[in-house]
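The values are calculated or read from the model by the stated rules, or taken from the named source; none is laboratory data. Note that the structure is predicted; figures quoted are calculated from it, not measured. Glycine gets a Cβ as well: all are built from the backbone with ideal geometry, and neighbour counts include every protein chain shown. When the accessible area is computed, the model is the full protein with side chains, heavy atoms only, and any ligands, DNA or RNA have been set aside. Shrake-Rupley method; radii C 1.70, N 1.55, O 1.52, S 1.80 Å.
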Amino acid sequence: GAGVSQSPSNKVTEKGKDVELRCDPISGHTALYWYRQSLGQGLEFLIYFQGNSAPDKSGLPSDRFSAERTGGSVSTLTIQRTQQEDSAVYLCASSLDRALFSYEQYFGPGTRLTVT
Amino acid sequence: AQRVTQPEKLLSVFKGAPVELKCNYSYSGSPELFWYVQYSRQRLQLLLRHISRESIKGFTADLNKGETSFHLKKPFAQEEDSAMYYCALSSGKLVFGKGTKLTVNP
């Protein structure tokens, strides 16, 4: 079946502009996660959703970052007034349930964001 | 605070040689640990998890609570094992190490 999909695959934007990154999880997966992968920094947890609610937003780097999930499916990560340090690969993952984190997380291909 | 440390950014071995990718963690509770792998131009994917005690593609990892380690081992490395490997800790959220790039030379 289809895996996690993300769009766009690449995004180049000017500093100060807003961007929206989209994630389509695997059908039936109730948990959805956003990570950021920066050069030399590994994977940084941003936020996760259980259904449409986001109990843990502690990883969002600043209030310029926000995310929402509608219908328990698609999620959008929005970065307002982008800065050069926001340049990274943004990864989305989904899993059957978040209650037990031992459920395998399935990752999307990522969106490479470049802020010029 | 939860932390995962992978001390080696780069690791290079020859085909057929044993390989060990180190992972140390810091967590006060009972940890759940994972190894994820990302092959060139592929998605990040789960390799193995400690609760399963399984061997995947010849890799094993043993949780050592005394040493707070979860090193990944394979007795005979293959060229197709070349990839980026991430150790991760589940603590209410998944905390990743910075990764080790493994290169297996012919």
**OP:** Those residues that are hydrophobic (A, V, I, L, M, F, W, C), out of contact with any Lys or Arg (no Cβ under 7 Å at 6 or more places or on another chain) and at the interface with chain B (Cβ under 10 Å from one of its Cβ atoms), I need them from the stretch A:1-56; list them, please.
**Re:** A:Val4, A:Leu43
Original post:
Only one of (1) without any contact (Cβ under 8 Å) to a residue 60 or more places away in the chain; (2) away from chain B (no Cβ under 14 Å); (3) open to solvent by 60 Å² or more (accessible area, probe 1.4 Å); (4) farther than 25 Å from B:Val37 by Cα fails for A:Arg69. Which number is that?
Top reply: (3)
Original post:
Among (1) within 14 Å of chain A (Cβ to nearest Cβ); (2) farther than 13 Å from B:Thr100 by Cα; (3) polar (S, T, N, Q); (4) open to solvent by 60 Å² or more (accessible area, probe 1.4 Å), where does B:Ser52 come up short?
Top reply: (4)
**OP:** Inspect all residues belonging to the stretch A:52-59 and state whether any of them is surrounded by 18 or more Cβ atoms within 10 Å (Cβ to Cβ), touching a strand residue (DSSP E or B) at 6+ places or on another chain (Cβ under 8 Å) and modelled with pLDDT under 95.
**Re:** yes
Original post:
Within the stretch B:1-41, which residues are polar (S, T, N, Q), within 15 Å of B:Ser91 (Cβ to Cβ) and touching a residue at least 12 places away in the same chain (Cβ under 8 Å)?
Top reply: B:Gln2, B:Thr5, B:Asn24, B:Ser26
Original post:
Yes or no: B:Val95 assigned to a strand (DSSP E or B) and under 20 Å from A:Tyr33 (Cβ atoms)?
Top reply: yes
**OP:** Please find, among B:Glu67, B:Glu32, the residue that is of a type in the set (Asp, Glu) and over 14 Å from the mean Cα position of the chain (by Cα).
**Re:** B:Glu67
**OP:** Collect the residues in the stretch B:57-80 that are open to solvent by 20 Å² or more (accessible area, probe 1.4 Å) and of a type in the set (Phe, Trp, Tyr), keeping them in residue-number order.
**Re:** B:Phe76
Subject >> Sole exception among (1) open to solvent by 40 Å² or more (accessible area, probe 1.4 Å); (2) part of a strand (DSSP E or B) for B:Tyr36, by number >> reply: (1)
**OP:** Please work out which residue is farthest from the other protein chains (Cβ to nearest Cβ), limiting yourself to the stretch B:88-106 and to residues that are open to solvent by less than 30 Å² (accessible area, probe 1.4 Å) and at pLDDT 90 or above.
**Re:** B:Val104
Subject >> Among (1) modelled with pLDDT under 95; (2) within 12 Å of chain A (Cβ to nearest Cβ) - the single one B:Tyr85 does not satisfy >> reply: (1)
Subject >> Restricting the stretch A:72-87 to residues that are modelled with pLDDT of 95 or more and assigned to a loop (DSSP other than H, G, I, E, B), the residue that is farthest from the other protein chains (Cβ to nearest Cβ) >> reply: A:Arg81
